[in-house]
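Step one of this worksheet: look at the structure below.
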Amino acid sequence: MKTMIDTDIHPVDRLEPITGGTLPRIAPALVGVCSVALGALGLLLGLGLVGAVVVTWLAFSLALYGWTRAIEGSRQATDSFVRTLMWTAFVLAMVPLVSLIWTVVARGAPVLTPAFLNDDMSGRALLGVGGGIYHAIMGTFMITAIAAVIAVPVGLLTAVYLVEYGKGNRLAKIITFLVDVMTGIPSIVAGLFAVALFIVITGDPLPRLGIGGSIALAVLMLPTVIRSVEEMLKLVPDDLREASYALGVPRWRTIVKVVLPTAVAGIVTGITLAIARVAGETAPLLLILGTARVANWNPFNGPVQTLPVYIFQSLGQTTHFKYGEIWTDRVWGAALFLIIIVMSLNLVARLVGKAFAPKTGR
Amino acid sequence: MTTAIQDPAPDQQVRARTSRVGDAVFSRTALGAALLVVALLAGVAIFLVVQGLPALEATGEQAYGKPSVWAYVGPLLFGTVLSALLAMIIVTPLAIGLALVISHYAPRRLAKPVGYLVDLLAAVPSVVFGLWGIAVLAPRLVPVYDWLNVWFGWIPLFGGPVSSSGRTLLTAAVVLALMALPIVTAILREIFAQTPTTHQEAALALGATRWEMIRLAVLPYARSGIVAALLLGLGRALGETMAVAMVLSATGAIISFDVISSANSNTIAASIANNYANAAGLKINVLIFAGLGLFVLTFVVNFLGRWVATRGQVKG
């Protein structure tokens, strides 16, 4: 009786607490440890690694969901379940990518000796030990460098036109659209274009020459270069341009002396990334470069070997009963060196971008 | 500027003239470069058409044993679309999850290096992905395919018999998904990070859990961006050559829904890469014609992607 009166006077005492129950902070870790234990048990019982991981995952997500639902309610439980799903996607995405790097490094590193880098494949059509990738490295550098020489000035000037001169006129809009279209050109189509072009130019039904590969790569590079330079030029504040005009500096000198230097870090980054992208291209070069076993410094005549094509073509020999293993080694060594080239270009690009970032940047 | 001066001194006149000449030269050069890009793209289309059209007359041996070039390109087109669609089915949840982890779930200290790692992986050459696909992925997937065949064999996709090497269309699709993943994730991450903080804080202030906040604020804001990113990834998966050419042990131009057996549909790009080495005469035209088909297909997909992206920008 007394309590009844009390509640009437102090109804607050009987209300649900405004904060719900919460799981202890260590709950996920606790559930995790238990699930791993369950998975380990499954492993002992002969489930296999994949089975054990699946069991662990199921146990973890179900137990955490159930526990949260019991204590915190269904909304919190859904939240924690989704969180598990997100991190699962993250791990699922990371595992193959880490595995890829790990495999290439583990299998390629023992092969990468100075001899391997300094030798070519002369006299070793299929058989024979030794050999190396000197000719392929040089070919990659030559083809990529020529492609950059073609694509960078054209791309830079196109971006200057789009941002400085064309600003919003009809032609600029059409060109922007076409550059977007070019971004989507599949690499093999660029190679076919080079082939079709040089069939017409040389009259040779099966043209094999370095410059063709460079043109194909330039087609692939151009949209990337134009896009990134365009973005960078747009970041240059109009105040700088107007200040320069106010001092009586003609437009072209404003662009060359004020706009481009302000954006130089971003431009260099963008161009380096574009080069890194095409340095690893295989498909177009496969069509137009053919096979070479020694370095060929003449881009206008004869086949040239590049690293990606070398990897692809050597792969076909790895099933040879006697020399297959040597070919396998060569493939992994070349793959590791190619990754090193591409990754260092990327690193250089990021470092340049960071070191010389304009102070007006975002 | 200088023309506004009433009575310029002689040397100023000279300077004004040179600057005008300089301006004219520079702007013409820039315009010329821009037009060169247009000409180049037109050149790609024109040369492919000119060298591809003779293929229409190819029959029998010249058309790789098919009655016409259409019968050769058709099945390849099917294989291309099938593999790219499978890749997108795999990549969509992974990319959205990965991007959300980087933008909303991971602590800042972890998110930055992970984002950096993803960017670096976009740079791994396709030939290396293909190599990894053959050497590491394909053998590991064989037990999975056995399992799929036993439990889901009634679905035509998993009808079997299971390929013993694992070099199937589904393996190729997994590799394609991994290659598209960094690009799609990078775009999604940007879009998710652009969600207005006020929307997110409003949702949280109303008591939403983190997932409810993402569902109510982030995903609706990013919807068109997600579609655009996926279409751009699809465009990339359609045109990818080497990974498929290396991983897939293709049977030629056939239509097969079975993605885990050793009788596989091939893709256009991979078929070109594999057949080019021993092609001659009209066969080259046939391959160029197939490339033209691929060009048109990726053009349409990319165009759709850009269109959705710009439409989203106007709305957002």
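Read-outs: derived from the displayed coordinates by stated rules, not from any lab. As the structure is a prediction and not an experimental result, all values here were calculated from the model. Neighbour counts run over all protein chains shown; Cβ positions are idealised from the backbone, glycine included.
Just a few scattered comments:
- Cα centroid separation, region A:29-98 to region B:160-189: 24 Å.
- Dipole magnitude of region B:58-315 about its Cα centre (Cβ charges: Lys, Arg +1; Asp, Glu -1), debye to nearest 20: 540 debye
- Efficiency of FRET from Cβ geometry, A:VAL256 and B:SER164, R₀ 56 Å, rounded to 0.05: 0.35
- Pairs of lysines in the protein assembly as shown whose Cα atoms sit within less than 27 Å of one another amount to 17, provided the residues are eight or more positions apart or on different chains.
- Convex hull volume of the Cα atoms of region A:118-355, normalised per residue: 136 Å³.
- Using a cutoff of 8 angstrom between alpha carbon atoms and counting only pairs six or more residues apart, the relative contact order for chain A works out to 19 percent.
- Gap separating the Cα centres of region B:45-70 and region B:90-157, nearest whole Å: 37 Å
- Label point of A:VAL294 set 7 angstrom out along Cα-Cβ; within region A:83-123, amide nitrogens under 12 Å from it belong to A:120-123.
- Shielding by partners for peptide B:205-216, expressed as the average number of C-beta atoms from other protein chains within 10 Å of each residue's C-beta, is 3.
- Averaging Cα coordinates gives a centre for region A:283-338 and one for region A:220-272; these two points are 40 Å apart.
- Gain upon complete extension [B:GLU57, B:VAL296; 0.36 nm per residue less C-alpha separation]: 84.0 nm
- Packing-based ranking, highest mean first, of B:89-101, B:68-80 given that Cβ atoms within 10 Å are counted: B:89-101, B:68-80
- Projected label points at A:LEU47 and B:ALA205, each 7 Å from Cα along the beta carbon direction, are separated by 4.6 nanometres.
- Between A:PHE141 and B:ASN278, the C-beta separation translates, for a Förster distance of 25 Å, into a calculated FRET efficiency of about 0.30.
- Charge context of B:MET179, other residues only, Cβ under 12 angstrom, K/R +1, D/E -1: 0
- Label-zone membership for region B:197-237, site A:SER74, 7 angstrom Cα→C-beta point, backbone N under 20 Å: B:207-216
- Shielding value for A:340-350 is 2, the average number of Cβ atoms from other chains within 10 Å of each residue's Cβ.
- Förster radius 51 Å - calculated FRET efficiency between B:ALA24 and B:ILE46, Cβ distance, rounded to 0.05: 0.95
- Each peptide among B:302-308, A:263-269 gets the average number of other Cβ atoms lying within 10 Å of its residues, and from highest to lowest they stand as A:263-269, B:302-308.
- Angle between chain A longest axis and helix A:210-235 axis [Cα atoms, degrees, rounded to 10]: 50 degrees
- Each stretch of four or more DSSP H residues adds -39500 (n - 2.57); spread over every residue of chain B, this sum gives -23500 deg cm²/dmol at 222 nm.
- Dipole of the protein assembly as shown computed with +1 at Lys/Arg Cβ and -1 at Asp/Glu Cβ about the Cα centre; of B:SER83, B:GLY22, B:LEU219, farthest Cα towards the positive end is B:GLY22.
- 10 Å Cβ neighbours from other chains, averaged over peptide A:72-81: 3
- Sum of side-chain charges, B:TRP211 neighbourhood, beta-carbon under 12 Å (Lys, Arg +1; Asp, Glu -1): +2
- Computed from the C-alpha gyration tensor, the three semi-axes of the ellipsoid equivalent to region B:58-315 are 38, 21, 16 Å, from longest to shortest.
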